[in-house]
Amino acid sequence: MTASSSVINNRIPAGVLVLPKSVSRRVQAAWGIVGALIMLGIWQVVAMAQVFGTAVPTVVATFAELLSLLGTSAFWSEVGITVLISLAGLTFSAVLGILLGILIGTSPVIRALSLAIFEFLKPIPPIVILPLAVMVLGPTWPMAFVLVAFGCSLAIVMQTASGVQDTDPVALSTARSYGMKALEIKTRIVLPSASPYIGTAMRVAAPTALVITVVAGLLGGAPGLGKSIYQAQAAGNTDTLFALVTVLGLLGLVFHAVSTWTEAKALHWHPSHREVSL
Amino acid sequence: MKSKLVLIILGVASPLVALGLWWSVSETSTNSFFPPLSQIMTRFSDLWLFEHFQSDVLVSMGNLFAGFLIGGLLGIVIGFVLAMVPLLRWMCEPTIHFFRGIPPVALIPIVITLIGFGSEMRIANIALAAFFPTLIAAMDGIRGIDGSLKDVCSVYRLTPTERITRVYLPAAGPQIFSGLQVSLQVSFVVMIASEMLGSSQGIGAMTLLAQQSFMSADMWAGILLLGVIGFLVNIGFEAIKSRVLSWHLGSKRLERAA
Amino acid sequence: MSSLLTDSTTISTTRPGSEEPLSTTTTIPRLEVQGLAKSYGSGAAAAHIIGDLTFSISAGEVVCIVGPSGVGKTTLLKCLAGLHPSTGGNIKIDGKEISGPPAEMALVFQDYSRSLMPWLNVRKNLELPLRHLKLRAAELEERCSTALNAVGLAGAEHKYPWQLSGGMQQRVAIARALAYRPEILIMDEPFASVDAQTRFELEDLCLKIREDFGMTILLVTHDIDEAVYLSDRIVAIGSKPARVLEVIDVDLPGPREQIETRALAEFAQLRTRTLSLIRQEQA
């Protein structure tokens with residue numbers, strides 16, 4: 001009995017029970033590819049059967065167009081300017097948002113003064129002020145930049161402010177008792193403790209910035225992929241239209257992945273990210 | 001106590017003061033971009049409360065709710081199915097994530113080339129935009145349901161319908177609602193965008209038209225109306241959410257207090 | 001497999017101090033577990049959680065399963081409740097083999113906070129398992145109020161679980177099981193996460209339920225004092241894989257009482273005997 005149980009003992013790691021995963025990630029990914037191929041197949045059939053007339057190009061035509069786009073410098077400069085506007089707007093929003101957020105979070109008076117206005121503005125998407133921006137700035141990149149800044153900074157302000165208010169009072173009084181100066185407290189204590197909030201806000205804001213840049217191009221004529229999509233649609237160039245939207249989908253995934261990865265890297269010390277690594 | 005009162009007064013006063021400032025400073029404005037607020041308000045009531053209320057305001061709102069409801073409901077139902085059927089989920093997940101990456105507004109030109117410029121196009125676009133956030137939230141919410149709740153269902157032999165309506169749906173409720181909230185915001189954006197892109201009806205179309213014909217007071221009136229709608233729709237949603245999820249919010253409050 | 005089976009049968013039939021060996025009981029036991037085995041995976045990589053488990057419980061008995069932690073008690077309960085299919089042996093209720101969760105059984109989970117529905121108030125939590133029974137309104141009312149009275153929660157019907165203390169939540173979970181009127185009540189370390197005073201109260205509640213409702217109760221615990229205090233018999237389980245070490249009769253006089261029963265010399269003896277069994281197994 002003892003002998004047999006000790007043999008079995010060796011097979012099971014003590015304490016931790018590792019159940020064999022019924023299906024591995026690899027198998028799941030394989031099914032994902034199968035699924036994607038089926039969707040592409042449906043697309044191809046729908047296009048070839050001309051269910052929507054000639055409005056839907058075939059998969060082959062779309063990817064051929066995509067390949068030829070990849071070879072043109074015009075395409076790359078459009079991708080470049082789209083990414084640049086998004087990142088510039090995002091960076092501006094981050095700086096402005098964090099500064100304002102700390103101000104609002106630490107001063108009850110400023111908070112009271114701004115709360116109602118911010119609460120009103122928060123659910124209003126930047127597309128609402130797009131006509132105004134176009135009227136004042138015209139179909140230019142500064143117009144797109146302003147829209148991105150309007151659309152991203154508010155959430156960062158609000159998140160930073162609640163992060164600041166959430167600062168551990170014990171840490172604050174400890175810092176004061178050590179005679180730290182106000183500025184030092186803000187940079188050494190308040191900012192780090194608000195950083196998970198800021199990280200979350202930035203992760204959400206990054207894909208949003210891309211979306212707003214595209215909207216500014218599509219509806220306001222700002223340079224970039226949005227404008228190209230508008231032109232492709234207006235000219236009835238469905239191959240290009242589908243190829244460009246595909247590019248946007250990929251770009252969106254990249255923005256999403258990079259922002260998630262950056263947040264996890266920058267906040268690796270925070271409990272919510274430690275759990276993820278398990 | 002006294003300082004708290006001061007803060008509340010400040011909070012109420014600040015937007016009023018801001019509006020007052022806007023009114024008085026703009027009153028003598030001759031800048032064609034920034035007309036007097038009084039003029040904007042006159043156009044606001046002329047346009048939106050009378051002339052275009054039925055033809056545009058009601059139409060826009062109707063499209064918004066129809067599209068949001070269709071997309072949201074489909075998102076919940078399909079999210080449910082995908083959460084329960086692993087094979088189907090594995091097959092669909094990469095495609096779903098790809099579609100999630102596409103800005104919903106960028107799909108509008110495609111839908112326009114497919115089905116034209118009518119109301120169906122706008123509803124279809126809004127539904128498409130509302131679909132993905134709710135789909136992903138519902139899927140995650142249902143997959144995240146605690147195993148012991150499922151065990152309770154089995155031990156007490158709940159019927160499949162009871163499990164779905166009385167356990168799984170409420171358990172995933174908080175996540176479904178946050179998905180729906182994102183869906184609603186995206187729906188609102190797409191409502192405006194679909195009207196701005198080649199349509200002659202709706203608040204978005206009117207506002208863009210006003211801008212293109214340099215009728216800046218009309219444009220401002222449109223912006224104000226859209227802003228107010230965005231704000232009110234969100235408030236309405238919050239009200240419904242806090243009713244439906246009162247149990248969740250209550251338990252979270254207690255948890256924080258502890 | 002077969003040699004192991006005889007092994008454990010030998011243990012249960014020759015256990016010291018028993019007048020009546022299990023295997024020769026003439027009446028059909030309410031719950032009978034024969035050669036139960038459970039493993040995950042297959043081949044060399046297989047994890048054997050339950051090796052070969054045989055025991056039975058007669059109607060109206062309180063039986064505790066005790067064993068060192070990590071022995072697979074929760075897996076065992078999930079098999080008994082029909083939540084996990086076993087990979088060997090069988091489980092019979094009143095002589096009928098079960099497949100899937102049996103109607104005669106209710107389970108009280110260890111983690112009350114995760115087994116009650118936070119969106120339902122106490123009353124609705126009790127009613128949830130009863131809906132598909134299509135009871136008349138009067139009977140539904142009677143079952144719920146009886147159950148709530150029994151656990152001392154009359155008047156808390158409209159509270160939500162998260163508004164109650166841990167002990168009260170576990171009472172709600174017990175009340176839900178009572179309102180379901182099972183013949184067999186299985187409890188998975190039900191008192192593990194409540195404070196000591198509440199624990200005593202809930203233990204006595206458990207004994208009272210047996211008296212009032214005539215239920216057969218199977219309880220899993222790692223607390224040996226609790227097992228001795230509550231049980232008619234204790235099934236001591238050894239680990240890796242789980243198997244019956246010994247079935248110990250607890251012939252303490254009833255009704256049991258927290259202070260007096262625990263002060264009895266027999267109590268101490270039974271406690272020592274069970275503990276040394278478990279200790280030996282762990283070493």
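List the lysines whose Cα sits under 28 Å from the Cα of residue A:181, skipping any in the same chain fewer than 8 residues away.
Straight-line reach from residue A:181, under 28 Å: B:4.
Output the relative contact order of chain C, whole-number percent, from Cα pairs under 8 angstrom with separation of 6+ residues.
Across chain C, relative contact order equals 25 percent.
Helix-only estimate, please: 222 nm mean residue ellipticity of the protein assembly as shown, summing -39500 (n - 2.57) across DSSP H runs of length 4 or more and dividing by its residues, to the nearest 500.
Helix contribution divided over all residues of the protein assembly as shown: -21000 deg cm²/dmol.
Test of the criteria: in region B:178-248, which chymotrypsin sites (Phe, Trp or Tyr not before Pro) are in a DSSP loop and have at most 15 other Cβ atoms within 10 angstrom of their Cβ?
The qualifying sites are B:214.
Once a ≥ b ≥ c are taken as the square roots of the eigenvalues of the Cα gyration tensor of region A:179-278, is the result rounded (a/c under 1.5), prolate (a/b larger than b/c) or oblate (a/b not larger than b/c)?
It is oblate, given that a/c is not under 1.5 and a/b is not larger than b/c.
With a ≥ b ≥ c taken as the square roots of the eigenvalues of the C-alpha gyration tensor of chain A, please select rounded if a/c is under 1.5 and otherwise prolate if a/b is larger than b/c or oblate if it is not?
The shape class here is oblate.
Going by alpha carbons, how many degrees (0 to 90, nearest 10) lie between the helix axis of B:86-101 and the longest principal axis of chain B?
Roughly 20 degrees between the two axes.
Put a dot 7 Å past each Cα toward the Cβ at residue C:92 and residue C:195; how far apart are the dots in nm?
Using points 7 Å along Cα→Cβ, the separation is 4.7 nm.
Could you let me know the centre-to-centre spacing of region B:1-80 and region B:87-140, using Cα atoms, in angstrom?
The two parts, judged by their Cα centres, are 28 Å apart.
As an exercise, use a Förster radius of 41 Å and the Cβ-Cβ distance of residue C:42 and residue A:120 to find the FRET efficiency, rounded to the nearest 0.05.
With a Förster radius of 41 Å, E is 0.05.
Starting from the amide H of residue C:237, placed 1.01 Å from N in the peptide plane, find each other amide H under 5 Å away whose residue is 5 or more places distant or on another chain.
Amide H neighbours of residue C:237, under 5 Å, 5+ apart: C:66, C:67, C:245.
Could you tell me the center-to-center distance, by alpha carbons, between region A:168-203 and region B:186-258 in angstrom?
Using only Cα atoms, the two centres lie 35 Å from each other.
Which percentage, to the nearest 5, of the DSSP beta bridges contained in the protein assembly as shown is antiparallel?
Bridges in the protein assembly as shown that DSSP calls antiparallel: roughly 50 percent.
Of the trypsin sites (Lys or Arg not before Pro) in region C:136-171, which ones lie in a loop per DSSP and count no more than 12 other C-beta atoms within 10 Å?
Of the trypsin sites (Lys or Arg not before Pro), the ones in loops of region C:136-171 whose Cβ has at most 12 other Cβ atoms within 10 Å are C:136.
Loop by DSSP (not H, G, I, E, B), at most 16 other beta-carbon atoms within 10 Å: where is the longest site-free stretch of chain A for chymotrypsin sites (Phe, Trp or Tyr not before Pro)?
A:53-177
What ratio of Cα Rg to 2.2 N^0.38 Å holds for chain C?
Chain C yields a ratio of 1.01.
Between A:113, A:253, A:87, which gets the highest mean-square fluctuation from a Gaussian network model of chain A, Cα cutoff 10 Å?
With Cα springs under 10 Å in chain A, the top fluctuation among A:113, A:253, A:87 is at A:113.
Which of the peptides C:249-255, C:87-93 is most tightly packed, and how do the rest follow, going by the mean number of other Cβ atoms within 10 Å of each residue?
C:87-93, C:249-255
Quick one: if you stick a label point 7 Å off each Cα along the C-beta vector at residue B:51 and residue A:166, how many nm between them?
Inter-label distance under the simple model: 4.8 nm.
Need one number: convex hull volume per residue for region A:51-210, Cα atoms only, in Å³.
Output value, Cα hull per residue: 180 Å³.
For helix B:246-257, report the angle its Cα long axis makes with the longest principal axis of the Cα atoms of chain B; keep it between 0 and 90° and round to the nearest 10°.
90
Work out from phi, with θ = phi - 60° and the Karplus expression 6.51 cos²θ - 1.76 cosθ + 1.60, the ³J(HN,Hα) of each residue of region C:148-156, listed in order in whole Hz, and give x for Gly and Pro.
Along region C:148-156, the couplings run 5, 4, 4, 9, x, 10, 4, x, 9 Hz.
Once Rh for the protein assembly as shown is found with the Kirkwood sum over Cα pairs, what is the Stokes-Einstein diffusion coefficient at 37 °C and 0.692 mPa s, in µm²/s?
Result for D is 104 µm²/s.
Can you run phi through the Karplus equation (6.51, -1.76, 1.60; θ = phi - 60°) for region C:225-230 and list ³J(HN,Hα) in whole Hz, with x for Gly and Pro?
Working through the residues one at a time gives 4, 5, 4, 5, 5, 8 Hz.
Find the Rg to Rh ratio for region B:56-257, where Rh is the Kirkwood radius over alpha-carbon pairs and Rg uses the same atoms.
1.06
Residue A:25 to residue C:257: FRET efficiency via 1/(1 + (r/R0)^6), r the Cβ-Cβ distance, R0 56 Å, to the nearest 0.05?
0.50
I need the trypsin sites (Lys or Arg not before Pro) found in region A:113-194, filtered to DSSP loop residues with at most 15 other beta carbons within 10 Å of theirs.
A:181
Which entries of C:73/C:96; B:252/C:134; A:265/B:252 have Cα-Cα distances beyond 25 Å here?
B:252/C:134; A:265/B:252
Compute the long axis of helix C:196-213 from its Cα atoms, compare it with the longest principal axis of the Cα atoms of chain C, and write down the angle in degrees, 0 to 90, nearest 10.
Helix C:196-213 sits roughly 90 degrees off the main axis of chain C.
Ignoring ligands, DNA and RNA, how do A:238, B:42 rank by accessible area with a 1.4 Å probe, largest first?
B:42, A:238
Using label points projected 7 Å from each Cα along Cα→Cβ, tell me how many nm separate residue A:234 and residue C:69, to one decimal.
Distance between the two pseudo-spin positions: 7.0 nm.
Which lysines, on any chain, are close to residue C:78 with Cα under 16 Å apart, when same-chain ones fewer than 8 places away are left out?
The qualifying lysines are B:150, C:38, C:92.
If a helix is a whole DSSP H run, which ones in chain A reach 24 Å or further along their own axis (Cα) and hold a mean Kyte-Doolittle hydropathy of at least -1.0?
A:25-48, A:73-106, A:141-165, A:191-220, A:238-266
How large is ³J(HN,Hα), in whole Hz, for each residue of region B:210-220 in order, when computed from phi with the Karplus curve 6.51 cos²θ - 1.76 cosθ + 1.60 and θ = phi - 60°, using x for Gly and Pro?
Karplus values, whole Hz, x for Gly and Pro: 4, 5, 5, 9, 6, 9, 5, 5, 5, 4, 4.
Sort region B:181-258 into rounded, prolate or oblate with this rule: let a ≥ b ≥ c be the square roots of the eigenvalues of the Cα gyration tensor; rounded if a/c is under 1.5, and if a/c is not under 1.5, prolate when a/b is larger than b/c, oblate otherwise.
Judged from the Cα gyration tensor, region B:181-258 comes out prolate (a/c at least 1.5, a/b above b/c).
For region C:217-283 and region C:162-182, what is the separation of their Cα centres, given in Å?
If we compute the Cα centre of each part, the gap is 25 Å.
Normalising by the residue count of chain B, find the relative contact order in percent from Cα pairs under 8 Å and 6+ residues apart.
23
For residue A:186, go through the aspartates and glutamates and keep the ones whose alpha-carbon is under 14 Å away, minus same-chain ones fewer than eight residues off.
Cα-Cα hits under 14 Å: A:166, A:168.
The values are calculated or read from the model by the stated rules, or taken from the named source; none is laboratory data. Only a predicted model underlies this, so the values are computations on that prediction, with no experimental measurement involved. All Cβ positions, even for glycine, are placed from backbone atoms using ideal geometry, and neighbour counts span all protein chains on display. All accessible areas refer to the heavy atoms of the entire protein, side chains included, with ligands and DNA or RNA removed. Shrake-Rupley method; radii C 1.70, N 1.55, O 1.52, S 1.80 Å.
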